[in-house]
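Before any comments, here is the structure.
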Amino acid sequence: MAPGDVLDIQIINKKDLNTKQPVAPDGTINLPLFGRYNVEGKSLVEIQKILEEHFKKYIQAPQLAIYLEPRPIYVIQRDLAKKTWDVKVAESVTEARALAGNYQGSINHGDVISVDTGKEPDWFEENWYKLLTATAVIYGIANSVK
């Protein structure tokens, strides 16, 4: 376990005690009724044994199921045409691939991926009508002066 991980703790036949707990920056989780427990660096099996011992005080033969929720994947989309940034959160690798478009690298849970979208504006493409208008005005003035 590491800070930022989220544990889904389920107590069989005691749905009112089920909880999802994020691991805090100090490596602890905060369980209602029990307080804070340091879980940093521990495996799910170790955490399950510790929590089962504490639940034995209140529940006869507690059975726990503990799951580690996958970390979200952040996809940063930079729109070259609008010159804006947009951050999208993907819950799965498939969703991240869809948001990342033609991104070629590997994608894993917890990654932050930056991709470019759109195309960089071309000066001529944006201003061709101004250039054409200016040329026509200059040509008209030149012909009027003759």
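The values are calculated or read from the model by the stated rules, or taken from the named source; none is laboratory data. What you are looking at is a predicted structure, and each value in this text was computed from that prediction instead of being measured. We place every Cβ from the backbone using ideal geometry, glycine too, and count neighbours over all the protein chains shown.
Applying the selection to the range 77-92, what residues are loosely packed, with under 15 Cβ neighbours inside 10 Å and either among the hydrophobic types (A, V, I, L, M, F, W, C) or under 30 Å from Lys14 (Cα atoms) (or both)?
Leu80, Ala81, Trp85, Val87, Val89, Glu91, Ser92
Looking at the range 12-89, what strands (runs of 3 or more DSSP E) fall wholly within it and have at least 1 residues that are under 30 Å from Ile113 (Cα atoms)?
Output list reads 19-22, 28-31, 64-69, 73-79.
Report, ordered by the first and then the second residue, all pairs with beta carbons closer than 6 Å, sequence separation of six or more or different chains, a first member in the range 50-69 that is of a type in the set (D, E, K, R), and a second member that is surrounded by 12 or more Cβ atoms within 10 Å (Cβ to Cβ) and assigned to a strand (DSSP E or B).
Qualifying pairs under 6 Å: Glu52/Leu64; Glu69/Val6; Glu69/Asp8.
Could you say whether any residue in the range 113-132 is loosely packed, with under 12 Cβ neighbours inside 10 Å and assigned by TED's automatic domain parsing to the domain that holds Lys42?
no
Return only the number of the condition from (1) modelled with pLDDT of 90 or more; (2) at positive phi; (3) assigned by TED's automatic domain parsing to the domain that holds Lys119 that Lys83 does not satisfy.
Here Lys83 clears every test but (1).
Out of (1) of a type outside the set (Asp, Glu); (2) under 28 Å from the mean Cα position of the chain (by Cα); (3) at negative phi, what's the single condition that is false for Gln63?
Looking at each condition in turn, Gln63 falls short on (2).
Among the candidates Val23, Val6, Val39, Val45, single out the residue that is under 30 Å from Tyr103 (Cα atoms), hydrophobic (A, V, I, L, M, F, W, C) and modelled with pLDDT of 85 or more.
Val6
State which residue is farthest from the chain's Cα centre (by Cα) when the search covers only the range 9-42 and only residues that are loosely packed, with under 12 Cβ neighbours inside 10 Å and touching a residue at least 24 places away in the same chain (Cβ under 8 Å).
Top of the filtered list is Asn13.
Within the range 53-65, can one find any residue that is closer than 30 Å to Val93 by Cα, at pLDDT 90 or above, of a type in the set (Gly, Ala, Ser) and loosely packed, with under 15 Cβ neighbours inside 10 Å?
Within the range 53-65, one or more residues are closer than 30 Å to Val93 by Cα, at pLDDT 90 or above, of a type in the set (Gly, Ala, Ser) and loosely packed, with under 15 Cβ neighbours inside 10 Å.
Which residues, counting only those in the range 108-146, are in a helix (DSSP H, G or I) and charged (D, E, K, R)?
If the condition is that a residue be in a helix (DSSP H, G or I) and charged (D, E, K, R), then Glu125, Glu126, Lys130 are the ones that fit.
When Gly105 is evaluated against the numbered criteria (1) touching a strand residue (DSSP E or B) at 6+ places or on another chain (Cβ under 9 Å); (2) over 30 Å from Asp26 (Cβ atoms); (3) not in a loop (DSSP other than H, G, I, E, B), which criterion, by number, is the only one it fails?
(3) is the only condition that Gly105 fails.
When the range 89-115 is examined, which residues are found to be within 15 Å of Ile76 (Cβ to Cβ) and β-branched (Val, Ile, Thr)?
Val89, Ile107, Val112, Ile113, Val115
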